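J.: First the structure, which I've put down as structure tokens, then a few questions once you've had a look.
The values are calculated or read from the model by the stated rules, or taken from the named source; none is laboratory data. None of the values given here were measured: they were computed from a predicted structure. Please note: Cβ atoms are built from the backbone with ideal geometry, for glycine as well, and neighbour counts cover all protein chains shown.
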Amino acid sequence: MDTPQQTWPFLDDTGAQRILAALPGGSTRFVGGCVRNALWDLPVSDIDMATQLEPDAVRKTLKTAKIKTVPTGIAHGTLTAVISGKPYEITTLRRDIETDGRRAVIAYTRNWAEDAQRRDFTVNALYADASGQVFDPTGEGLDDIAAKRFRFVGEAEDRVREDYLRILRLFRFVAWYGQDAKITKDALTACRNNRAGMKMLSAERVWSELKKLLSARDPVRAVRIMLQQELLETLLPEATNVDGLAKLVTLEAREGIVPDPMLRLMAMMAREPLSAALLSKRLKLSNRESERLKAWASDGEDLSSDMPERARLQAIYRSGKQPILDRARLRAAGASDAIESARWMGLADLAMGWTPPVFPVRGADLLAAGVPKGPGLGKAMKALEALWIKSGFSTEKPKLLAALKLLGY
């Protein structure tokens, strides 16, 4: 297939051209996402290449051309060339000798068709040379590009069993490539039949892929299909509320909210501390992600859509901005009418934009006022802070310290 070069942004990439010029002619082609996206007239971000040269030969050749390489995936034949700070993955053609659903033992090859056969989807097994000519070794990739259809290369069952993460990759692609993206029947059947294999995957790989899926503009259709195929309950038994996700996505579109995978995960869950703790542990969320999820689930503030502003500010101060923002946006998404939703969004906007004041009293102030060290010092501090919050953060330090006697300190 010959395609006009203006549709191939990577052909004009100076770094890519330097790499092609350095490596032997015809030995290296563009592959995967950059070719797929160009054919679909979508933005190209990462530029990946496949080569007949083995990694050491690639490294030596590029070193001669003064191009830096990093062994980012040398066990699987991948080097990353870095030019002006931009990475270019270069992977030696390979075939899988042995797989266990998580990792593979590979052997290098010079055969483009063999390399294509070990790839996941036909639309990812397309190659383009320096002239813009497209090669389709599977014989199905270009047809699937035209139909916007996702099909596993060869036998779907075999491809899934080679790496169970491909189940999540399939639905991530469906989420990102629009409502008209199709999945073959064989692909769906293979995913459903092998869904238990996802439990073998590392938590880090699963969460990384889920975050990408949940970052798509509208992942609802993809996630709903996962629910129908019993994949969602297998992977996320605490987070199967697709209707909650759909309501949040609708709110995001209406209010111009940037997709947030953590908030979307919350939309699919019940607000229960135990569920949040279990999910945080199983997915090995980062400390920041885990704290956010648990704070949302355990926040005890009694919120309502018609709270006066003083009560709203007090709730934000006590709980912190993020838990109130998360709760308010989710309540806005699930509100029964537009007015109630707007009120919840008002609380969310307040939480996002308000800078909480700093409590003016310090421990040294209490010691100077005669409060002895020990547990009583902390109790006195909390009592004064409660008075300060109740006053709308307006009571100044002298009056707060004067209140110590009234409080029995």
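J.: The conditions are (1) crowded, with 17+ Cβ neighbours inside 10 Å; (2) in contact (Cβ under 8 Å) with a residue 24 or more places away in the chain; (3) more than 29 Å from the chain's Cα centre (by Cα), and I324 fails exactly one of them. Which is it?
T.: Unmet for I324, out of (1) crowded, with 17+ Cβ neighbours inside 10 Å; (2) in contact (Cβ under 8 Å) with a residue 24 or more places away in the chain; (3) more than 29 Å from the chain's Cα centre (by Cα): (3).
J.: Additional query: E140 - would you say it is over 26 Å from V220 (Cα atoms) and outside the structural domain of F10 (by TED's automatic domain parsing)? Before the answer, list the steps.
T.: Details: over 26 Å from V220 (Cα atoms): yes; outside the structural domain of F10 (by TED's automatic domain parsing): no.
No.
J.: Kindly indicate whether any position in the stretch 264-272 is in contact (Cβ under 8 Å) with a residue 60 or more places away in the chain, under 16 Å from the mean Cα position of the chain (by Cα), assigned to a helix (DSSP H, G or I) and surrounded by 15 or more Cβ atoms within 10 Å (Cβ to Cβ).
T.: Within the stretch 264-272, the first condition is being in contact (Cβ under 8 Å) with a residue 60 or more places away in the chain, and the residues that meet it are 266-267.
Now narrow it down to the ones that are under 16 Å from the mean Cα position of the chain (by Cα): 266-267.
Filter once more, keeping what is assigned to a helix (DSSP H, G or I): 266-267.
In the following step, the residues that additionally are surrounded by 15 or more Cβ atoms within 10 Å (Cβ to Cβ) were identified as 266-267.
Yes, the conditions are met somewhere in the stretch 264-272.
J.: Within the stretch 276-292, which residues are of a type in the set (A, V, I, L, M) and either exposed (fewer than 13 other Cβ atoms within 10 Å of the Cβ) or under 14 Å from R205 (Cα atoms) (or both)?
T.: Within the stretch 276-292, L283, L285 meet the criteria.
J.: Now a separate question. Could we say that R119 is assigned to a helix (DSSP H, G or I) and basic (K, R) here?
T.: Details: assigned to a helix (DSSP H, G or I): no; basic (K, R): yes.
Judged against the criteria, R119 is not a match.
J.: Does any residue in the stretch 122-135 that is in contact (Cβ under 8 Å) with a residue 12 or more places away in the chain and farther than 19 Å from E155 by Cβ come within less than 7 Å, Cβ to Cβ, of a residue that is in a helix (DSSP H, G or I) and among the polar types (S, T, N, Q) six or more places away or on a different chain, and which pairs are these?
T.: G132/Q5
J.: Here's something else I'd like to know. Give the residues of the stretch 323-340 that are within 14 Å of R254 (Cβ to Cβ) and either aromatic (F, W, Y) or not in a helix (DSSP H, G or I) (or both), sorted by residue number.
T.: Answer for the stretch 323-340, where residues must be within 14 Å of R254 (Cβ to Cβ) and either aromatic (F, W, Y) or not in a helix (DSSP H, G or I) (or both): A335, D337.
J.: Can you name every residue in the stretch 126-156 that is part of a helix (DSSP H, G or I) and crowded, with 16+ Cβ neighbours inside 10 Å? Reasoning before the result, please.
T.: Keep residues of the stretch 126-156 that are part of a helix (DSSP H, G or I), which gives 141-147, 156.
Hits for the stretch 126-156 are G141, L142, D144, I145, A156.
J.: Within the stretch 218-250, count every residue that is outside any helix (DSSP H, G or I) and under 15 Å from A270 (Cβ atoms).
T.: Within the stretch 218-250, the first condition is being outside any helix (DSSP H, G or I), and the residues that meet it are 218-219, 229-230, 236-241.
If we keep only those that are under 15 Å from A270 (Cβ atoms) as well, we get 236-241.
Residues in the stretch 218-250 being outside any helix (DSSP H, G or I) and under 15 Å from A270 (Cβ atoms): 6 in total.
J.: While we're here: Test of understanding: among V82, V123, V58, V105, which residue is at pLDDT below 95 and on the phi < 0 side of the Ramachandran plot? Please lay out each step first, then the result.
T.: Numbers: V82 fails: at pLDDT below 95; V123 fails: at pLDDT below 95; V58 fails: at pLDDT below 95.
Just a single option satisfies the conditions, and that option is V105.
J.: Tell me the residue from A147, A196, A181, A190 that is closer than 25 Å to P259 by Cα and touching a residue at least 12 places away in the same chain (Cβ under 8 Å), please. So that I can check it myself, show each step before the final result.
T.: Values: A147 fails: closer than 25 Å to P259 by Cα; A196 fails: closer than 25 Å to P259 by Cα; A190 fails: closer than 25 Å to P259 by Cα.
Going through A147, A196, A181, A190 in turn, the sole match is A181.
J.: Would you mind finding the one in R292, R318, R343, R312 that is in a helix (DSSP H, G or I) and either of a type in the set (V, I, T) or within 25 Å of E238 (Cβ to Cβ) (or both)? Give the steps one after another, and end with the answer.
T.: Values: R318 fails: either of a type in the set (V, I, T) or within 25 Å of E238 (Cβ to Cβ) (or both); R343 fails: either of a type in the set (V, I, T) or within 25 Å of E238 (Cβ to Cβ) (or both); R312 fails: either of a type in the set (V, I, T) or within 25 Å of E238 (Cβ to Cβ) (or both).
Of R292, R318, R343, R312, the one residue that is in a helix (DSSP H, G or I) and either of a type in the set (V, I, T) or within 25 Å of E238 (Cβ to Cβ) (or both) is R292.
J.: Filter the stretch 283-300 for residues that are touching a residue at least 24 places away in the same chain (Cβ under 8 Å) and more than 16 Å from the chain's Cα centre (by Cα); which is farthest from L210 (Cα to Cα)?
T.: D299
J.: Still on this structure, I have one more. For R159, indicate whether it is part of a helix (DSSP H, G or I) and crowded, with 17+ Cβ neighbours inside 10 Å. Spell out how you get there, then give the answer.
T.: Details: part of a helix (DSSP H, G or I): yes; crowded, with 17+ Cβ neighbours inside 10 Å: yes.
Yes.
J.: Can you confirm whether D41 is over 30 Å from the mean Cα position of the chain (by Cα) and either outside the structural domain of A21 (by TED's automatic domain parsing) or free of Cβ contacts under 8 Å to residues at least 40 places away in the same chain (or both)? Spell out how you get there, then give the answer.
T.: Details: over 30 Å from the mean Cα position of the chain (by Cα): no; either outside the structural domain of A21 (by TED's automatic domain parsing) or free of Cβ contacts under 8 Å to residues at least 40 places away in the same chain (or both): yes.
It is false that D41 is over 30 Å from the mean Cα position of the chain (by Cα) and either outside the structural domain of A21 (by TED's automatic domain parsing) or free of Cβ contacts under 8 Å to residues at least 40 places away in the same chain (or both).
J.: Which condition number does D48 fail, the rest of (1) farther than 23 Å from E114 by Cα; (2) touching a Gly at 6+ places or on another chain (Cβ under 7 Å) being met?
T.: (1)
J.: Check A38 against each of (1) touching a helix residue (DSSP H, G or I) at 6+ places or on another chain (Cβ under 7 Å); (2) surrounded by fewer than 19 Cβ atoms within 10 Å (Cβ to Cβ); (3) aliphatic (A, V, I, L, M) and name the one condition it does not meet.
T.: Condition not satisfied by A38: (2).
J.: What pairs can you find where one residue is in the stretch 333-347 and under 11 Å from S304 (Cα atoms) and free of Cβ contacts under 8 Å to residues at least 60 places away in the same chain, the other is small (G, A, S) and not in a loop (DSSP other than H, G, I, E, B), and their Cβ atoms are less than 7 Å apart, with a gap of 6+ or different chains?
T.: Once the first residue is under 11 Å from S304 (Cα atoms) and free of Cβ contacts under 8 Å to residues at least 60 places away in the same chain and sits in the stretch 333-347, its partners that are small (G, A, S) and not in a loop (DSSP other than H, G, I, E, B) give W344/A328; W344/A332; L347/A328.
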